[in-house]
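Enquirer: Can you read through this structure? Questions will come right after.
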Amino acid sequence: VKWGADTEEGNLTFYSVSIDGKINYWVLNQNELGHTTIMTLFLERPPIPGPDGTLITLKGCGTCIAFHPTKSDIFLVGTEEGTIYKCNTAFSSTYMQTYTDAHNMPIYRIVFNKYNSDIFASCSGDWRIKIWEDNRLEPLFMFDLGVPIGDLQWAPYSSTVLACVSNDGKVTVFDLNVNKYRPICCQPVVSKKRSKLTRLCFNNELPFIIVGDDKGTINTLKLSPNLRIKPKPTKKQMHLSHAELESLKLEKLLSFVREPPVLVPPADVRTAS
């Protein structure tokens, strides 16, 4: 479930996605809760014959939804089949983009980067975290933790820091600016034999992380100073804000991992002797 913008009358609205493949828009009026189905997810696979011989189009099972930070009509949906769909609230029958086989198992979270809305991350039961750039069908980064990952969040204070919780009871923190291949912190929080972590949230003001487990317990963790290092501006960057510095830091990192565009060889120009 994700909250939407209030209506002109001031009514609360939200969006929901479910394993029945429906994405619904809900409006909470004074006396009732009404909804409209804005899209139904269908798998891009050939129909299969039903019990009576009629062909049945397979529906996708939605598991998570994330709205674009600046374009409120665009959203991403993750499914049990491991596919990510880029959708628009104005178009109910077509996808803007399909990331087929983004994961091999259900996707549990999709989250946009807070400093670059073209960058988003996903986590799944296939043990992997993947970091994507809009309109690129291959991930920029991929991390395999060897255990299902239940939740994932970008840090509010850094463009390159993200944290996740996994079924083995650990919180894992990455800083891509420090290490592009391994996490910089892995902290056990609960016993993996008794419970598993399911949710994670950063505090927007203070250096804390809140994590929840499947037993209903909430734990608060404080981030050590080495997990929240701020970029130091150069003399030419002294006038830039923190957000601008973070955007530049991320863009510099991405420039090293993006695949170069296809180079077209120059025309063979033969000069007369």
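The values are calculated or read from the model by the stated rules, or taken from the named source; none is laboratory data. If you're wondering where the values come from, they're calculated on a predicted model, not measured in any experiment. Here the Cβ positions follow ideal geometry from the backbone for every residue, glycine too, while neighbour counts run over all protein chains shown.
Enquirer: Can you name every residue in region 67-96 that is more than 15 Å from the chain's Cα centre (by Cα), surrounded by 15 or more Cβ atoms within 10 Å (Cβ to Cβ) and not in a loop (DSSP other than H, G, I, E, B)?
Expert: Within region 67-96, just 88 meets the criteria.
Enquirer: Of all residues in region 1-19, which are touching a strand residue (DSSP E or B) at 6+ places or on another chain (Cβ under 7 Å) and among the acidic types (Asp, Glu)? Full working, then the answer.
Expert: Applying the first criterion (touching a strand residue (DSSP E or B) at 6+ places or on another chain (Cβ under 7 Å)) to region 1-19 yields 1-7, 11-19.
The answer is 6, and nothing else.
Enquirer: Here is a follow-up. Would you check which residues across region 97-115 are closer than 15 Å to residue 63 by Cα, part of a loop (DSSP other than H, G, I, E, B) and either touching an Asp or Glu at 6+ places or on another chain (Cβ under 7 Å) or touching a residue at least 60 places away in the same chain (Cβ under 8 Å) (or both) and list them?
Expert: Within region 97-115, 103, 104, 105, 106 qualify.
Enquirer: Residue 52: in contact with a strand residue (DSSP E or B) (Cβ under 9 Å, 6 or more places away or on another chain), of a type in the set (D, E, K, R), free of Cβ contacts under 8 Å to residues at least 60 places away in the same chain and in a loop (DSSP other than H, G, I, E, B), yes or no?
Expert: Numbers: in contact with a strand residue (DSSP E or B) (Cβ under 9 Å, 6 or more places away or on another chain): no; of a type in the set (D, E, K, R): yes; free of Cβ contacts under 8 Å to residues at least 60 places away in the same chain: yes; in a loop (DSSP other than H, G, I, E, B): yes.
No: the conditions fail for residue 52.
Enquirer: Output the residues belonging to region 147-168 that are over 26 Å from residue 193 (Cβ atoms) and in a loop (DSSP other than H, G, I, E, B).
Expert: Going residue by residue through region 147-168, those that are over 26 Å from residue 193 (Cβ atoms) are 154-162.
If the condition is that a residue be over 26 Å from residue 193 (Cβ atoms) and in a loop (DSSP other than H, G, I, E, B), then 155, 156, 157, 158, 159, 160 are the ones that fit.
Enquirer: For residues in region 194-210 being touching a Cys at 6+ places or on another chain (Cβ under 9 Å) and β-branched (Val, Ile, Thr), which is surrounded by the most Cβ atoms within 10 Å (Cβ to Cβ)?
Expert: Step by step, filter region 194-210, then rank; the result is 209.
Enquirer: Any idea how many residues of region 77-130 are of a type in the set (D, E, K, R) and over 27 Å from residue 181 (Cβ atoms)?
Expert: Result for region 77-130: 3.
Enquirer: Of the residues 134, 144, 151, which single one is within 27 Å of residue 97 (Cα to Cα), of a type in the set (Asp, Glu) and surrounded by 19 or more Cβ atoms within 10 Å (Cβ to Cβ)? Give the derivation first.
Expert: Values: 134 fails: surrounded by 19 or more Cβ atoms within 10 Å (Cβ to Cβ); 144 fails: surrounded by 19 or more Cβ atoms within 10 Å (Cβ to Cβ).
The match here is 151.
Enquirer: A further question follows. Looking at region 13-29, is at least one residue at pLDDT below 90, of a type outside the set (D, E, K, R) and assigned to a loop (DSSP other than H, G, I, E, B)? Full working, then the answer.
Expert: Step one: list which residues in region 13-29 are at pLDDT below 90, which gives 29.
In the following step, the residues that additionally are of a type outside the set (D, E, K, R) were identified as 29.
Now narrow it down to the ones that are assigned to a loop (DSSP other than H, G, I, E, B): 29.
Yes.
Enquirer: On to the next question. Among the residues of region 152-175, are any in contact (Cβ under 8 Å) with a residue 60 or more places away in the chain and of a type in the set (Phe, Trp, Tyr)?
Expert: Just the residues of region 152-175 that are in contact (Cβ under 8 Å) with a residue 60 or more places away in the chain, to begin with: 155, 157-161.
Still in the running and of a type in the set (Phe, Trp, Tyr): 157.
The answer is yes; a qualifying residue exists.
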